[in-house]
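Here the structure is laid out as structure tokens; the discussion comes afterwards.
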Amino acid sequence: MQIFLDNIVFSIQQTGGVSVYWYELLTGMCHSGLSIKFLNARPASGNILEQKINYNPQHCIRESWIPDKYLRYLPMRYTLPRAAVFHGGYLRVSPQKDILNIMTVHDFAHERKLATRFPRGLANTYQKAYGIRRADGIICISDNTRKELLHFYPAIDPAKIKVIHHGIARDFYPLQYQQPVSCSLDMNLQEKFILYVGARSHYKNFSLAVETMALLPPEYRLVVVGGECWSSKELLVLAQTIPGRYRIFPTVSQADLNILYNHAFCLLYPSAYEGFGFPPGEAMKAGCPVVTTNLTSIPEVVGDAGLMTAAIAPQLFAEKICSLENTVYRAQQVARGLAQVQQFTWEKSVQETISFYKDCWNYKFSR
């Protein structure tokens, strides 16, 4: 079984959840003993995860001279050997009928009009529809995504769909507090701070995180990590709503992020929609309580360890945060989080993906 992995996702983003998924998947595949070939590899990539890949020992194929910004929206153009497995890193499938097409579906934010607007949103929707209808096997990253797929595409055979959860990186773990911490960030880790990680626009509801902070006592600080470039409007709202009570770190290393998770009072994750949601899982793995919503895939990730609100409301978030002042209750939530996150490993995700390849391959070619 020859497997061809399309790395074009690394040309779409510098980093992000889909890039993390694809990096971890192909890293595991390279250690599986299977015949692996890469399409659209970029040794001089601007993607911080692709920069970590040593392509020298790998068989890399250039699919086309069409620029990646256009190629990403087209069906795969390179002719593959018969009975090969093609797995696209981001929604792409091959029109070849004598190969096996595997597709990963992350979410339906565009279909729900929660993400990028026209024309990119429309292009994403059409590309996803094309791939779903032609894929021999479809991986959904959560049970919620599977339910949404069947909602938007009720004619799809459910037997073609497999739920395979993401893993949570080993970079996140509880620190030994008796040992000195080497953090490169300019901040006082002893402050009582609420952590916000990731994108802020649309359904991520960052504005509600700021409103929540305004309801908390002044000793609470907000630390914001990552996400898109800040607008002057966002910065003005922060300065007016919680003046002097916030810190912004546009980029941090995994090591520093683990330190922040370890020292944060909690992670505040007010998102209304997720395909999976890495930050809650990362936080729990580092021993950080999670205050979030009871929506879409988030309950799958946090289980009974998350402090989830039934509605997206600053007052409810603030109440959950204040409940963690009870040290016994907080310790219980930390312990539950550490237990809950044990089920999410990349080793498990890679092995389930390989098993799915084999099941789909046998179904198509061994009958």
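The values are calculated or read from the model by the stated rules, or taken from the named source; none is laboratory data. Nothing here was measured: the structure is a model prediction, and the numbers come from that model. Note that each Cβ is placed from the backbone with ideal geometry, even for glycine, and that neighbours are counted across all protein chains shown.
So that you can scan it fast, the table gives a plain yes or no per residue for (1) at pLDDT 95 or above; (2) part of a loop (DSSP other than H, G, I, E, B); (3) among the hydrophobic types (A, V, I, L, M, F, W, C); (4) in contact with a helix residue (DSSP H, G or I) (Cβ under 8 Å, 6 or more places away or on another chain):
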residue	(1), (2), (3), (4)
His166	yes, yes, no, yes
Cys183	no, yes, yes, yes
Asn188	no, yes, no, no
Leu222	yes, no, yes, yes
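Could you list, in sequence order, all residues of the stretch 236-293 that are of a type in the set (Val, Ile, Thr) and crowded, with 22+ Cβ neighbours inside 10 Å?
Val290, Val291, Thr292, Thr293
Failed condition for Ile354, given (1) part of a strand (DSSP E or B); (2) outside the structural domain of Leu215 (by TED's automatic domain parsing), with all others met?
Exception for Ile354: condition (1).
Looking only at the stretch 305-312, decide whether some residue is surrounded by fewer than 24 Cβ atoms within 10 Å (Cβ to Cβ), touching a helix residue (DSSP H, G or I) at 6+ places or on another chain (Cβ under 9 Å), of a type in the set (A, V, I, L, M) and touching a residue at least 60 places away in the same chain (Cβ under 8 Å).
yes
Limited to the stretch 175-202, what total is found for residues that are under 15 Å from Leu268 (Cβ atoms), touching a residue at least 60 places away in the same chain (Cβ under 8 Å) and of a type outside the set (Gly, Ala, Ser)?
Residues meeting the conditions: 6.
Cβ-Cβ distance below 8 Å, separation of 6 or more or different chains: which pairs start in the stretch 123-134 with a residue that is under 16 Å from Glu148 (Cβ atoms) and end on one that is assigned to a helix (DSSP H, G or I) and of a type outside the set (Lys, Arg)?
Correct list of pairs: Ile132/Leu149.
Working carefully through the options Gly303, Gly337, find the one that is closer than 27 Å to Ser253 by Cβ and not hydrophobic (A, V, I, L, M, F, W, C).
On the way: Gly303 fails: closer than 27 Å to Ser253 by Cβ.
Answer to the selection: Gly337.
Taking the options Tyr173, Tyr126, name whichever one is more than 27 Å from Ser94 (Cα to Cα) and surrounded by fewer than 17 Cβ atoms within 10 Å (Cβ to Cβ). Spell out the reasoning first.
Numbers: Tyr126 fails: more than 27 Å from Ser94 (Cα to Cα).
So the residue among Tyr173, Tyr126 that is more than 27 Å from Ser94 (Cα to Cα) and surrounded by fewer than 17 Cβ atoms within 10 Å (Cβ to Cβ) is Tyr173.
Could you tell me how many of the residues in the stretch 40-62 are charged (D, E, K, R) and in contact with a helix residue (DSSP H, G or I) (Cβ under 7 Å, 6 or more places away or on another chain)? Steps first, please.
Of the stretch 40-62, the ones charged (D, E, K, R) are 42, 50, 52, 62.
Filter once more, keeping what is in contact with a helix residue (DSSP H, G or I) (Cβ under 7 Å, 6 or more places away or on another chain): 42, 50.
Here the count works out to 2.
If you check Arg62, Arg77, Arg92, which single one turns out to be touching a residue at least 60 places away in the same chain (Cβ under 8 Å) and either more than 19 Å from Thr27 (Cα to Cα) or surrounded by fewer than 19 Cβ atoms within 10 Å (Cβ to Cβ) (or both)?
Values: Arg62 fails: touching a residue at least 60 places away in the same chain (Cβ under 8 Å); Arg77 fails: touching a residue at least 60 places away in the same chain (Cβ under 8 Å).
Residue meeting the stated conditions: Arg92.
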